[in-house]
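Working notes for the structure below.
The values are calculated or read from the model by the stated rules, or taken from the named source; none is laboratory data. Given the structure is predicted, the values throughout are model-derived calculations rather than measurements. Virtual Cβ from ideal backbone geometry, glycine too; neighbours counted across all protein chains shown. We work out accessible area using only protein heavy atoms, side chains counted, and drop any ligands, DNA or RNA first. Shrake-Rupley method; radii C 1.70, N 1.55, O 1.52, S 1.80 Å.
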Amino acid sequence: MKILIYRWPFTLAAVVLMMSVVLPAGAARIVLTKGYRSAILQVAGTAKIAVGTNHSATLLDLKVGDHVSIAYDLENGALVAHRISDGVPHKPRNANVQLVPAAFHPAKLSVAYKHLLGIVQSVDVQDNTLTIAYKPK
(Lines give C-alpha, C1' and ligand atoms only; values in the text may rest on other atoms or scores of the structure.)
Protein backbone atom coordinates (compact mmCIF):
# COMPACT_ATOMS: atom_id res chain seq x y z
CA MET A 1 0.00 0.00 0.00
CA LYS A 2 2.87 2.38 0.76
CA ILE A 3 4.24 2.02 -2.78
CA LEU A 4 0.94 3.15 -4.33
CA ILE A 5 0.79 6.21 -2.08
CA TYR A 6 4.31 7.33 -3.11
CA ARG A 7 3.71 6.77 -6.85
CA TRP A 8 0.51 8.82 -7.01
CA PRO A 9 2.11 12.30 -6.51
CA PHE A 10 4.86 11.52 -9.02
CA THR A 11 2.34 10.36 -11.63
CA LEU A 12 0.22 13.44 -11.06
CA ALA A 13 3.28 15.71 -11.31
CA ALA A 14 4.31 14.03 -14.57
CA VAL A 15 0.82 14.51 -16.06
CA VAL A 16 0.71 18.17 -15.00
CA LEU A 17 4.18 18.77 -16.46
CA MET A 18 3.23 17.15 -19.78
CA MET A 19 0.01 19.17 -20.00
CA SER A 20 1.86 22.41 -19.28
CA VAL A 21 4.19 21.73 -22.23
CA VAL A 22 1.79 20.17 -24.75
CA LEU A 23 -1.16 22.58 -24.44
CA PRO A 24 0.79 25.81 -25.05
CA ALA A 25 2.48 24.25 -28.09
CA GLY A 26 -0.91 23.40 -29.60
CA ALA A 27 -2.24 26.86 -28.79
CA ALA A 28 0.72 28.45 -30.60
CA ARG A 29 -0.16 26.55 -33.77
CA ILE A 30 -3.74 27.74 -33.58
CA VAL A 31 -2.63 31.38 -33.20
CA LEU A 32 -0.29 31.11 -36.22
CA THR A 33 -3.04 29.83 -38.52
CA LYS A 34 -5.77 32.16 -37.28
CA GLY A 35 -6.64 34.83 -39.82
CA TYR A 36 -4.74 33.23 -42.71
CA ARG A 37 -6.27 32.31 -46.07
CA SER A 38 -4.85 30.05 -48.72
CA ALA A 39 -4.49 30.69 -52.43
CA ILE A 40 -3.50 28.45 -55.30
CA LEU A 41 -1.40 30.21 -57.93
CA GLN A 42 -0.60 28.92 -61.39
CA VAL A 43 3.08 29.60 -62.08
CA ALA A 44 3.73 31.05 -65.55
CA GLY A 45 6.22 29.24 -67.76
CA THR A 46 8.30 32.43 -67.97
CA ALA A 47 8.13 33.12 -64.22
CA LYS A 48 11.29 34.39 -62.52
CA ILE A 49 12.00 32.55 -59.27
CA ALA A 50 14.72 33.65 -56.84
CA VAL A 51 15.60 31.66 -53.72
CA GLY A 52 18.46 32.97 -51.58
CA THR A 53 21.29 33.95 -53.90
CA ASN A 54 20.03 31.64 -56.66
CA HIS A 55 18.37 34.01 -59.14
CA SER A 56 17.50 31.24 -61.60
CA ALA A 57 15.71 28.89 -59.21
CA THR A 58 12.83 26.55 -60.08
CA LEU A 59 9.73 25.41 -58.25
CA LEU A 60 11.76 22.52 -56.86
CA ASP A 61 13.85 25.02 -54.87
CA LEU A 62 10.81 26.30 -52.95
CA LYS A 63 10.15 24.45 -49.70
CA VAL A 64 7.07 24.22 -47.50
CA GLY A 65 7.28 26.93 -44.84
CA ASP A 66 9.30 29.40 -46.94
CA HIS A 67 8.18 33.02 -46.74
CA VAL A 68 7.69 34.29 -50.27
CA SER A 69 6.82 37.47 -52.12
CA ILE A 70 4.80 36.90 -55.29
CA ALA A 71 4.04 39.25 -58.17
CA TYR A 72 0.90 37.92 -59.82
CA ASP A 73 -1.80 38.84 -62.28
CA LEU A 74 -5.38 37.67 -62.82
CA GLU A 75 -5.65 35.86 -66.15
CA ASN A 76 -8.85 34.11 -67.25
CA GLY A 77 -10.07 33.93 -63.65
CA ALA A 78 -6.89 32.29 -62.34
CA LEU A 79 -4.07 33.78 -60.29
CA VAL A 80 -0.87 33.52 -62.35
CA ALA A 81 2.48 34.11 -60.62
CA HIS A 82 5.14 35.88 -62.73
CA ARG A 83 7.80 36.56 -60.08
CA ILE A 84 8.47 34.61 -56.90
CA SER A 85 11.18 35.39 -54.37
CA ASP A 86 11.86 34.39 -50.80
CA GLY A 87 12.30 36.80 -47.91
CA VAL A 88 16.11 36.71 -48.01
CA PRO A 89 17.68 40.01 -49.14
CA HIS A 90 19.51 39.37 -52.40
CA LYS A 91 23.07 40.51 -52.99
CA PRO A 92 23.99 42.02 -56.33
CA ARG A 93 25.87 39.59 -58.55
CA ASN A 94 28.99 41.76 -58.63
CA ALA A 95 29.12 44.53 -56.06
CA ASN A 96 32.21 46.19 -57.63
CA VAL A 97 30.53 46.98 -60.96
CA GLN A 98 29.31 50.54 -61.46
CA LEU A 99 25.71 50.61 -62.62
CA VAL A 100 24.86 52.62 -65.73
CA PRO A 101 22.52 55.54 -64.98
CA ALA A 102 18.87 54.93 -65.85
CA ALA A 103 18.98 57.61 -68.57
CA PHE A 104 21.13 55.32 -70.72
CA HIS A 105 18.76 52.35 -70.50
CA PRO A 106 16.02 52.06 -73.09
CA ALA A 107 12.53 52.41 -71.71
CA LYS A 108 10.99 49.02 -70.91
CA LEU A 109 7.33 48.22 -70.91
CA SER A 110 6.43 47.61 -67.32
CA VAL A 111 3.43 45.56 -66.29
CA ALA A 112 1.78 46.50 -63.03
CA TYR A 113 1.51 43.25 -61.08
CA LYS A 114 -0.31 42.77 -57.81
CA HIS A 115 1.82 41.56 -54.89
CA LEU A 116 1.18 38.95 -52.25
CA LEU A 117 3.27 37.98 -49.22
CA GLY A 118 2.74 34.52 -47.81
CA ILE A 119 4.04 31.18 -46.61
CA VAL A 120 4.42 28.20 -48.94
CA GLN A 121 1.97 25.43 -48.05
CA SER A 122 2.59 23.12 -51.01
CA VAL A 123 4.38 23.00 -54.35
CA ASP A 124 3.08 20.89 -57.25
CA VAL A 125 5.72 20.70 -59.97
CA GLN A 126 3.63 18.53 -62.30
CA ASP A 127 0.68 20.96 -62.35
CA ASN A 128 3.01 23.97 -62.07
CA THR A 129 1.06 25.35 -59.08
CA LEU A 130 1.97 26.87 -55.74
CA THR A 131 -0.30 27.01 -52.68
CA ILE A 132 0.40 29.73 -50.13
CA ALA A 133 -1.11 30.94 -46.88
CA TYR A 134 -1.45 34.71 -46.59
CA LYS A 135 -3.02 37.30 -44.33
CA PRO A 136 -5.66 39.35 -46.13
CA LYS A 137 -5.30 43.11 -45.87
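Within the assembled protein chains, the solvent-accessible surface assigned to Ser69 is about 40 Å², based on a 1.4 Å probe.
Listed by chain and number, the aspartates and glutamates placed with their C-alpha closer than 13 angstrom to that of Lys114 are Asp73, Glu75; residues fewer than eight positions away on the same chain are left out. Accessible surface of Val125, taken over heavy atoms with a 1.4 Å probe and every protein chain present, rounds to 70 Å². Using the Cβ-Cβ distance between Asp61 and Tyr36 with R0 = 30 Å, the FRET efficiency computed as 1/(1 + (r/R0)^6) comes to roughly 0.80.
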